[in-house]
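Contents: one structure, followed by commentary.
The values are calculated or read from the model by the stated rules, or taken from the named source; none is laboratory data. Small disclaimer: the values here were computed from a predicted structure and weren't measured. Reconstructed Cβ throughout: ideal geometry from the backbone, glycine too, with neighbour counts over all protein chains shown. Surface accessibility is based on the protein's heavy atoms, side chains included, excluding ligands, DNA and RNA. Shrake-Rupley method; radii C 1.70, N 1.55, O 1.52, S 1.80 Å.
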Amino acid sequence: MRFLVLALTATLLQAAPGGEWDRFRGPNGSGVSADTGIPAQFGPDKNVVWKTALPEGNSSPVFGRNAIFLTGFEGQKLYTLALDRKSGRVLWPRGRAHSRGHLREPNNPASPSAATDGVNVFTFFQDFGLLAYGPDGNELWRRELGPFNNPMGLGASPLYVNGKVIQVCDSETESFILAVDAKSGKTVWRKERPFSLRGFSTPILWQPPEGGLQLLLAGSYELKAYDVESGDIVWYVRSLTWQLKPTPVMDEDTIYVLGWAGAADLGQQEDVPPFEEILAQVDADGDNKLSPAEAGKVIRDAEKTFDSLDLDLSGWMEERDWEHHRRKKSVVNAVQAIKLGGQGDMTESAIRWRYYKTLPNVPSPLLFGDVLYLVKDGGIVTALDKKTGEVTKQGRLRDAMDRYFASPVAADGKVFMASETGVVSVLNPGPQWDVVQVNDMGEEIWATPVITDGRLYLRTKSALYCFDE
């Protein structure tokens, strides 16, 4: 393994400074850095400070005081790696065997990013669970979780907050959110999420004026605000689509939630009767569940697609399965501006605006200044006024009309959007954005870029690059 020979003795790590890129997508998942001097021109042979070979993985780097932490996989091993922050040299790799099965591409066993308190690193692998390592690579604790019933694979990254590591595990069945003690790995609280499935969105944090830090999680059908200390639900909004991949962004009083899922575009909604009515119509044997043949009488092509309807793979469509089917047929894909705060169900009063068209599937939105940016497959970029949701400009990245999995990031008056084929477009931001530079890395990019230390970091399929002017 080519990267193992680079391993060096670790140096002691100090606590990460405030505002660090210490979680997926940096400060509170915003993708925005206050750093300046970020190069607009870069490439495999241009403005490269260092390049480090890595095992394959889709996770983005996170930064402690002196180390960069990443995850990867090679063969049947899952890796957590620490790199020297200044030179990119590998300080240590730690590997674990895995064998839980195949994930649908482009998801892979090392998709979630790590989290750090600046000294220690916390990683989540859906093929294992949570792992914690100290500054010299010593294992602090482990929490085996799963296996998970999610055909797409999990994608939510862990968070470190207030001495706890928080992990979302949304799956077709037995979904939950877990908070463990960062020192011991012992459970602080765990909350079941019975109507959540296929979870990929990483939470963000909000501090209400009255106090009490809240964790905001976009999942199936609902945005929920959990109290960080107790795990109790403080408020929620029932207006989301059924499958959430992007991480929300927020400003001082509004959270912007993007969700796109199959067969949920505006105009595709259906009025599906309650389960009791369906049983009365087609449950001839009176067993209070539907066989594939019975479901086929009320759902088109149900016998062909029954595995997607039968969430727990019991061979029957039961009440929970039907309720998910019913909800999926009623929700709509949208970007939504939602007022922060409240108590209980805030659905009726919290929605400020919605936008329904040209929605990304995977990339998170970017809020930079007063503009909300979206980038979807085909290189279609949409700029929305954050106050009204009105489109100020929509256009294509003509040199990067590819698929997009990495989320956009911004700093120093520049917006960076990386396509799957490794073409990174640099935009001059604003309501009437324009492209100022196009850089071709010559290799696939799935990981979201990082901006910190006045530098740009890009993870390609085989390496991590550090760029500086």
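Summary table
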| item | result |
| --- | --- |
| Residue that is nearest to Val331 (Cα to Cα), among those in segment 215-231 that are touching a strand residue (DSSP E or B) at 6+ places or on another chain (Cβ under 7 Å) and open to solvent by 10 Å² or more (accessible area, probe 1.4 Å) | Glu222 |
| Pair list, Cβ < 8 Å and 6+ apart or interchain, from segment 366-387 residues that are open to solvent by 50 Å² or more (accessible area, probe 1.4 Å) to residues that are of a type in the set (Lys, Arg) and at pLDDT 95 or above | Asp370/Lys386; Asp370/Lys387; Asp377/Arg403 |
| Enumeration of residues in segment 181-202 that are modelled with pLDDT of 95 or more and of a type outside the set (Gly, Ala, Ser) | Asp181, Lys183, Lys186, Thr187, Val188, Trp189, Arg190, Lys191, Glu192, Arg193, Thr202 |
| When residues of segment 428-466 are limited to those that are over 17 Å from Val409 (Cα atoms) and under 23 Å from the mean Cα position of the chain (by Cα), the one surrounded by the most Cβ atoms within 10 Å (Cβ to Cβ) | Glu444 |
| Cβ-Cβ under 7 Å pairs, at least 6 apart or on other chains, segment 237-260 side in a strand (DSSP E or B), far side among the basic types (Lys, Arg) | Thr254/Lys339; Thr254/Arg352 |
| Within segment 44-77, tally of residues that are within 26 Å of the chain's Cα centre (by Cα) and either aromatic (Phe, Trp, Tyr) or part of a strand (DSSP E or B) (or both) | 15 |
| Residue within segment 281-288 that is in contact (Cβ under 8 Å) with a residue 24 or more places away in the chain, small (Gly, Ala, Ser), open to solvent by 20 Å² or more (accessible area, probe 1.4 Å) and in a loop (DSSP other than H, G, I, E, B) present | no |
| Per-region count, segment 140-185, residues buried (at least 20 other Cβ atoms within 10 Å of the Cβ), of a type in the set (S, T, N, Q) and farther than 20 Å from Phe69 by Cβ | 3 |
| Inter-residue pairs, beta-carbon under 8 Å, first on the phi < 0 side of the Ramachandran plot and basic (Lys, Arg) and in segment 433-455, second open to solvent by less than 10 Å² (accessible area, probe 1.4 Å) and not in a strand (DSSP E or B), 6+ apart | Arg455/Ile38 |
